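A short write-up of the structure that comes next.
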Amino acid sequence: MGDARILVVDDERFFREAIRDVLEPAGFEVELAASGEEALERLSDPGIGVVVLDLQLPDLHGLEVFRRAKRSRPELRVVILSAHTEQHHVLEALRLGACDYLAKPLHEEELLLAVRRALASFGFEAGWKGLRERMLRLEAAIGSLWEQASGGDAPGPDELRERIVRAVADVLGAGKTSLLLLDDGPGELRVAATHGRKIPDEGLDPVRLGEGVAGVALARSQPILVSDVAVDGRFPNRCGERGYDSGSFAVAPLLSGSQPIGVLCATDRGDGPMDEDDLALLRLLAQQVARLLDRPEPAQAGEIETLAQLEETPLERMPGGDARGAELVRSICEAVTAEVEPARILAAALERIGRALGAAPVSLHLGSVQRKGLFREAEWDGGERSDRARLPLGVGLTGFVFESGGIVASDAPARDPRFVAAVDTPEGGAVRPFLCGPIRFRGRTLGVFRVFPARAEDASPALAELLSAALSAAVRNVLLYRSLVQTIEEVAAARREGRAEA
């Protein structure tokens with residue numbers, strides 16, 4: 001939320017301008033208000049994310065301004081300014097949800113730290129809100145595609161493909177999306193549908209497996225995220241390609257079991273480059289699209305009954321468990337957003353997963369190349385059993401997930417030749433259904449999560465993808481908080497050294 005602005009509310013011109021003169025050189029965009037009513041009017045602008053609010057105002061008390069502002073904009077972060085004689089009002093503001101307070105006269109470093117903390121908190125909340133909204137769009141898109149494909153007036157293949165690329169654009173907010181399918185002959189990808197971009201005839205040339213972005217993604221059966229092709233270097237021929245407004249794109253392979261059938265591509269997101277959340281959502285869509293495109297024709301005996309049952313099945317029981325998984329992700333987001341103590345963020349997220357799936361243990365391990373292992377960062381044991389505290393790198397199904405960034409979801413993991421009992425089971429060695437997925441941060445895999453659900457049907461790849469996206473976001477939240485705390489501690493240490501020298 002680097003574009004969010006700061007509103008400074010103080011009836012004394014000296015303080016208003018002094019605060020602005022500290023914040024603007026630090027890169028913040030600042031607006032000023034001299035009264036409570038003026039502040040409330042300005043807060044109708046959603047671009048304002050943080051308010052620095054003096055309690056003593058000429059028309060309304062600062063507490064009343066605070067109450068009204070939080071009613072209309074609950075996501076706002078408010079830093080209270082007060083004199084030493086107003087401590088009872090400060091305590092009331094903190095009880096109402098103020099994120100910090102500063103006593104006059106102000107110290108520049110304290111002001112900057114308080115505003116940075118408030119802005120980071122506003123950004124976290126906005127990020128969770130955005131993720132929840134996108135999960136709802138994903139749930140609706142998947143449900144709609146299955147309903148349309150399974151109904152009595154199901155669209156033809158071309159119309160279904162057009163609806164798929166429109167759904168991708170809606171979920172990701174992408175300006176341009178495309179679907180390429182693998183032909184049955186020489187193994188080439190051909191454009192089947194596009195959204196947002198008319199491709200001339202010369203742009204319809206087939207793409208061979210292993211060539212170009214789409215061909216590489218399908219040949220490796222791995223999604224590809226490029227934040228900026230101009231500096232990425234993997235696909236130099238894409239740089240400056242006509243018809244695209246952005247050098248950022250995401251590509252996800254379509255797989256029927258282990259067989260490649262095509263790719264989904266998305267680019268030109270209106271509000272910034274494609275990110276890890278976009279890639280996770282595209283992967284989820286790709287799983288469902290592959291199943292839609294590769295399903296048997298409904299005219300076959302027996303399949304009509306299955307499709308009829310699918311049409312009547314509630315969304316939460318749809319194959320892949322998408323709606324149930326989406327509800328679980330929303331629950332994780334709510335737990336993380338509501339958790340006040342940062343050390344409890346990951347534990348709260350894992351507990352929601354464990355309770356929803358009847359799973360124990362549910363754990364999160366982070367990798368350390370120097371220490372040559374994956375080390376347990378957090379877990380929920382359900383009062384039953386713990387997961388292993390340390391896991392070796394490159395060993396078992398867990399090692400495969402960490403090294404490849406892929407997903408493992410199996411109701412019988414011991415049948416997989418990569419399974420290693422001493423690694424892919426919790427303490428005690430009991431073999432259970434197994435979900436394992438990567439924890440991603442800034443384009444690399446930091447660790448893995450492991451879930452041992454009680455029910456075999458919960459060992460779903462779609463559910464694992466959802467959990468990977470949600471837990472990666474939770475880890476990013478924690479890491480950014482730790483970085484901020486470290487900065488605060490360094491500033492505090494520097495101030496102590498300065499006082500000692502003085």
| query | Which value, in nm² and rounded to one decimal, describes the direction-averaged projected area of the C-alpha convex hull of the stretch 357-419? | reply | 4.7 nm²
| remark: Sorted on mean Cβ neighbours within 10 Å (highest first), peptides 383-396, 265-278, 345-358 come out as 345-358, 265-278, 383-396
| said: Can you pull out the GluC sites (Glu not before Pro) in the stretch 1-109 whose DSSP state is coil and whose Cβ has at most 16 other Cβ atoms within 10 Å? | reply: E12, E29, E75
| query | Residue separation times 0.36 nm, minus the C-alpha to C-alpha distance between R71 and L112: what's the value? | reply | 12.1 nm
| Say the cut-off is 26 Å between C-alpha atoms; which of K129/K176; K70/K129; K70/K176 go over it? | K70/K176
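Computed from the coordinates by the stated procedures, all read-outs in this text should not be read as laboratory data. Computed from a predicted model, the values in this text were never measured in an experiment. Neighbour counts are summed over all protein chains in view; Cβ atoms, including those assigned to glycine, are modelled from backbone coordinates with ideal geometry.
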